[in-house]
Amino acid sequence: MTDQPFAPLHLGQPSSLPASPEAAVLDYVPSPRPDALFLVRFAVPEFTSLCPVTGQPDFAHLVIDYAPGATIVESKSLKLFLGAFRNHAGFHEDVTVGIGQRLFAEMAPRWLRIGGYWYPRGGIPIDVFWQSGAPPEGLWVPDQGVSGYRGRG
């Protein structure tokens, strides 16, 4: 982290959807409370990507929880990154874990987890979970609040 002021790439600027998740640039800003232990949650109830076999759309409800270190992810850049998956083909497991690992590697939070609650295709819902390790002691980690798939029941 430098002492230079943050110059956002996306915030307050016109931005186009990146061509791919790899081409997306995520902005990170200094944490407003770098010494405090707290949890940030992003709920993404309308996430889409493509099936790598059929090319058909897959839909998920993602929940990303993290305990910031020195930085936080800027939400517009996160939205553009996640939106880039609309034309990206990947299995549920690869997409979910890949998002979590990229955020963890770039942002270097104290802890991060992602839950990918994928809607059924072929009659089977697939839920994928990844976390960077055990949550820090004293961190309040609420349930992600996404019910298991129940169909019409």
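The values are calculated or read from the model by the stated rules, or taken from the named source; none is laboratory data. Because the structure is predicted, anything quoted here is derived from the model rather than measured. Cβ: placed from backbone, ideal geometry, glycine included. Neighbour counts: every protein chain shown.
Among the numbered criteria (1) under 16 Å from the mean Cα position of the chain (by Cα); (2) surrounded by 13 or more Cβ atoms within 10 Å (Cβ to Cβ), which single criterion is violated by SER20?
(2)
Which strands (runs of 3 or more DSSP E) sit wholly inside region 34-153 and have at least 2 residues that are touching a His at 6+ places or on another chain (Cβ under 7 Å), over 20 Å from PRO18 (Cα atoms) and at pLDDT 95 or above?
Result: 111-121.
Considering only residues of region 89-137 that are β-branched (Val, Ile, Thr) and under 29 Å from SER31 (Cβ atoms), which is surrounded by the fewest Cβ atoms within 10 Å (Cβ to Cβ)?
VAL97
Cβ-Cβ distance below 9 Å, separation of 6 or more or different chains: which pairs start in region 12-38 with a residue that is free of Cβ contacts under 8 Å to residues at least 60 places away in the same chain and under 28 Å from ASN87 (Cβ atoms) and end on one that is surrounded by 12 or more Cβ atoms within 10 Å (Cβ to Cβ) and among the β-branched types (Val, Ile, Thr)?
Cβ pairs passing all conditions: ASP27/VAL73; VAL29/THR71; VAL29/ILE72; VAL29/VAL73.
Could you identify the single residue in VAL73, VAL97, VAL128, VAL141 that is among the β-branched types (Val, Ile, Thr) and in contact (Cβ under 8 Å) with a residue 60 or more places away in the chain?
Result: VAL141 is the single residue among VAL73, VAL97, VAL128, VAL141 that is among the β-branched types (Val, Ile, Thr) and in contact (Cβ under 8 Å) with a residue 60 or more places away in the chain.
If I ask for residues that are of a type in the set (Phe, Trp, Tyr) and either more than 12 Å from the chain's Cα centre (by Cα) or within 15 Å of ALA60 (Cα to Cα) (or both), which ones from region 82-105 would you list?
PHE85, PHE91
Checking the conditions here, which among PRO68, PRO57 is under 22 Å from ALA24 (Cβ atoms) and either within 16 Å of the chain's Cα centre (by Cα) or of a type in the set (Asp, Glu) (or both)? Break it down into steps so the answer makes sense when it comes.
Numbers: PRO57 fails: either within 16 Å of the chain's Cα centre (by Cα) or of a type in the set (Asp, Glu) (or both).
Within the list PRO68, PRO57, the selection yields PRO68.
Do we have VAL73 as touching a Phe, Trp or Tyr at 6+ places or on another chain (Cβ under 8 Å), surrounded by 13 or more Cβ atoms within 10 Å (Cβ to Cβ), more than 30 Å from GLN13 (Cα to Cα) and of a type in the set (A, V, I, L, M) here?
no
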